[in-house]
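Notes for the one structure printed next.
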Amino acid sequence: MMPTPQLSDLPPSRGRWVEIDIHEQSLTVWDGREPVRHCRVSTGEAGAGEHEGSGQTPRGWHYVRAAIGAGEPQAAVFRGRRPTGETYSPALAARHPRRDWILGRILWLCGLEKGRNRGGQVDTQRRYIYLHGTPSTEPMGVAASHGCVRLHLDDLLDLFAQMPSGTPVWLHDSADTSHR
């Protein structure tokens, strides 16, 4: 497990960290200042925001609080951060058409910025914001989640192998010029 990152050390000049651009619906894995992986994601349909119950994807610096699902089948189904014993299939999806699928692995985020994404009504961890897998039928590059960051399973499994607990994660909206 990596140590919890400190805001004064971000972005790291060495080591792995992850950037998620809500506007671009993209994720980039960095090794220091070098990009090493890029993929499309799907963030909150309600846009960017930190408040509990908003359905929005939180911004700011976070870290992976817990990496959940190692050793589970690639398409394992999760509810409440626990495997259900089911493996996702089109037949299972047809039986549960309204289920918000959390598949494969979970990277549970914890905010690092007190008052912005940590504590009170803006606490990312208490909002249960994850990076998690979603069915391949779900579009990437389109905001459609309830606030989490969705990835197709191949991208998630690769990411999971590179992001142990403690990995820094920066979520931002490149279209938002108010913080520039």
Sticking with the crude label model, points 7 Å out along Cα→Cβ, report the distance from Leu7 to Lys114 in nm, one decimal please. 0.9
How big is the gap, in Å, between the Cα center of the stretch 3-55 and the Cα center of the stretch 99-132? 13
So for the chain, taking the charge dipole from beta-carbon charges (+1 Lys/Arg, -1 Asp/Glu), which of Ile20, Thr134, Cys110 sits furthest toward the positive end? Cys110
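Quickly estimate the mean residue ellipticity at 222 nm for the chain, helices only: each DSSP H run with n ≥ 4 gives -39500 (n - 2.57), and the total goes over all residues, rounded to 500.
Values: 2 runs with 16 residues, N = 180.
Estimated from H runs of four or more residues: -2500 deg cm²/dmol.
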Relative contact order (percent, whole number), the chain, Cα cutoff 8 Å, 6+ residue spacing: 33
Where both residues lie in the stretch 87-170, what percent of DSSP beta bridges are antiparallel, nearest 5? 45
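Taking every DSSP beta bridge with both residues inside the chain, roughly what % is antiparallel (nearest 5)?
Roughly 75 percent of the DSSP beta bridges within the chain come out antiparallel.
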On a 0 to 90° scale, report how tilted helix 153-162 is relative to the longest principal axis of the chain, with both axes built from alpha carbons and the result rounded to the nearest 10. 40
The extension gain from Ala175 to Ala46, computed as 0.36 nm times the residue separation minus the Cα-Cα distance, is 44.9 nm
Kirkwood Rh over alpha-carbon pairs of the chain plugged into Stokes-Einstein at 37 °C, 0.692 mPa s gives a D in µm²/s of 202
FRET efficiency, 1/(1 + (r/R0)^6) with R0 25 Å, evaluated for Ala70 and Asp154 via beta carbons: 0.90
Once both labels are modelled 7 Å past Cα along the beta-carbon direction, what's the Arg33-Arg82 spacing in nm? 4.7
Check each of the trypsin sites (Lys or Arg not before Pro) in the stretch 22-95 and keep only those in coil by DSSP with at most 12 other C-beta atoms within 10 angstrom; list them in order. Arg33
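Laboratory data are not the source of any read-out in this text; all were calculated from the coordinates shown. For clarity, every value in this text was computed on a predicted model and none was experimentally measured. Ideal geometry is used to build each Cβ from the backbone, glycine not excepted, and the neighbour counts take in all protein chains shown.
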